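The values are calculated or read from the model by the stated rules, or taken from the named source; none is laboratory data. A quick note: this is a predicted structure, and the numbers were derived from the prediction, not measured. All Cβ positions, glycine included, derive from the backbone under ideal geometry; neighbour counts span all protein chains shown. The area values use the complete protein model at the heavy-atom level, side chains included, leaving out ligands, DNA and RNA. Shrake-Rupley method; radii C 1.70, N 1.55, O 1.52, S 1.80 Å.
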Amino acid sequence: MPDRIVEIDRLSFRYRRASEPALIDLSLTIDPGEVLLVAGPSGCGKSTLIRAINGLIPHAYPGELTGSVLVDGRPTTEQKLREIARSVGTLLQDPARQIVGATVEAEMAFGPENLGMDRSEMWRRIREVSATAGIEALLGRETANLSGGERQLLAMAGILMLQPRLFVVDEPLANLDPLTAARLLSTLRHLADEGHAVVIVEHRVEEALDLRPDRVLYLDEGRTKYLGNVAGFLEVADPSAVKLPFEVVLQRFRNGPVGAAAAAPTPPVLEVGDPARAPRLEFRDVRAGWGEREVLHGVSAKLGAREVVAVLGPNGSGKTTLLRTAMGLTPTRVGEVLVDGTSIAGRSVASLATTFGFVFQSPSQMLFARTVRDELEFGPRNLKRPPEALEGIVDAALRRTSLDSLEDIRQRPPLTLSFGQQKRLALAIALALEPPTLILDEPSAGQDHRTAALFMREVLTIPGLESIYLVTHDVDLALAHATRILLFRDGQIVADGPPGTVIEDEDRWTSCNLRRTSLIRANAHWRSPEQRFLDTEALARLVLARDGSASGNGRKGDSSVGAP
């Protein structure tokens, strides 16, 4: 067997219905023991590269291909997907599309059974892999009742069962709490140290750097913009497109304008409403769950009609379940849920959708129509919006989710879009209903740093939108945009308050599987106590302004960018 796992030579690929190629003249090799980080803005060709490596291009995605891709010394065009899968294991962005087993054990056994593995060996490996992947507590559970993060870990376990030479992981951090993400990265690093290769596609570069990648491939518009070591990548990467450590961004700002980030406005703030007004959403001693498993254990909270509330906490702690009860998607066992002061008992999901625009973690759960236009018009038509208003509603929803720039987007079949584009379409569908409140489950998943920030800026200025409740593992996004944080642990709220207050208790923060990012440390160091939490670009501009003020007064600016 050849030592080199993957050899790509001058690869270009254009999807059958696309006018422009997704990848252009890309050459790359991947060796045993190597960790390659692939970064770049949305639509730069990262997912296409993964499909070329695992054989989905050209076997499942037809189009115009030039150049060659060799896996274990043989062209992928001459191998069956089954053969390639023995060498390349892929963790998809959307774990819901990858899991086929009804139970955790059935899912882990699926691949080995298809390869004819001996049953005693298969069960030995299930015990071993469940410990390695940290999912021993999930054994015996039904996969339909797992959280998004738990499904992500299970999908990774399914790949570990097959022991491929190369692990390809696509945006693994979006669905995982920071501590669990760190454990996954540690597992991948261990696999590389044992001689496996790892290709990780990730927008959240700051966290991915914990994997200690040997090289970084930086793509932009299908072309290789950089291929080399981490230090060189940090000098050329656009911090508005990929999430870099704050210290790196600040130094780049000090060296001069940094792409779109230099002109990015400070995120708007949603004006907090009258506290005497009835809460938009209220939970009264709510207990809820699936089957015999209770997930929420007596939760009480009032979410205002004019608030941006971010719900943070470990995978499987009940964050999504909490907001699903507001839509009647998960029934309560005990307690009561009220919307605008009235119990939701007896109300349909369709009725509640006039108040809440709910965006699922997995966008494929929301998509069913023939075209994007049909998807966006379906809700407004059912709400009896005037036919002449539909075009404007569709245009506004596409613009606010940055989908309007995609060629022929209105006529595209939704399931032909990339995961990130499907996620934005799901957001657009919610916006098309023009609800007063948005409920967003992992809104930044599949989005580059720029797109996620632009979306939050757009929705916070939408006329008529009063409140946003979001579940996210992107703590910097939550802290920069939320007016209030709910910390969850083990199905209960352990903290509730303004972002600056909630992050002061470091022990509580870390006990909820959250990490103190470089931006959290920098905010603590640079901003005044009365200032709200600032995003990376706004904080960098604040530091530069203080540097300039200090220089103007004959003093040198503080060169420290972190906080103890």
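Worth a mention:
- For the stretch 233-244, the tally of residues that are open to solvent by less than 20 Å² (accessible area, probe 1.4 Å), modelled with pLDDT under 95 and not small (Gly, Ala, Ser) stands at 4.
- Hits in the stretch 215-257 - residues which are in a loop (DSSP other than H, G, I, E, B), under 24 Å from the mean Cα position of the chain (by Cα) and of a type outside the set (S, T, N, Q): Glu221, Gly222, Ala237, Asp238, Pro239, Ala241, Val242, Lys243, Leu244, Pro245
- Residue in the stretch 144-152 that is in contact with a Pro (Cβ under 8 Å, 6 or more places away or on another chain) and among the hydroxyl-bearing types (Ser, Thr, Tyr) present: no
- When the helices (runs of 4 or more DSSP H) confined to the stretch 71-141 are screened for residues that are within 25 Å of the chain's Cα centre (by Cα) and surrounded by 20 or more Cβ atoms within 10 Å (Cβ to Cβ), those reaching at least 3 such residues are found at 104-114.
- Test: residue in the stretch 499-522 that is part of a loop (DSSP other than H, G, I, E, B) and of a type in the set (Ser, Thr, Tyr): yes
- Selection status of Glu434, at positive phi and either part of a strand (DSSP E or B) or surrounded by fewer than 24 Cβ atoms within 10 Å (Cβ to Cβ) (or both): yes
- Number of positions in the stretch 395-431 that are part of a loop (DSSP other than H, G, I, E, B), open to solvent by 60 Å² or more (accessible area, probe 1.4 Å) and aliphatic (A, V, I, L, M): 0
- Test result for Val230, closer than 20 Å to Glu34 by Cβ, of a type in the set (A, V, I, L, M, F, W, C), surrounded by fewer than 20 Cβ atoms within 10 Å (Cβ to Cβ) and modelled with pLDDT of 95 or more: yes
- Selection status of Ala155, under 26 Å from Gly33 (Cβ atoms) and under 17 Å from the mean Cα position of the chain (by Cα): yes
- Residue in the stretch 260-271 that is within 25 Å of Asp177 (Cα to Cα) and either at pLDDT 95 or above or open to solvent by 30 Å² or more (accessible area, probe 1.4 Å) (or both) present: no
- Residues that are at pLDDT 95 or above and open to solvent by less than 10 Å² (accessible area, probe 1.4 Å), drawn from the stretch 202-218: Val216, Leu217, Tyr218
- Residue that is part of a loop (DSSP other than H, G, I, E, B), within 25 Å of Gly228 (Cβ to Cβ), open to solvent by 40 Å² or more (accessible area, probe 1.4 Å) and modelled with pLDDT of 95 or more, where the choices are Pro32, Pro21, Pro2: Pro32
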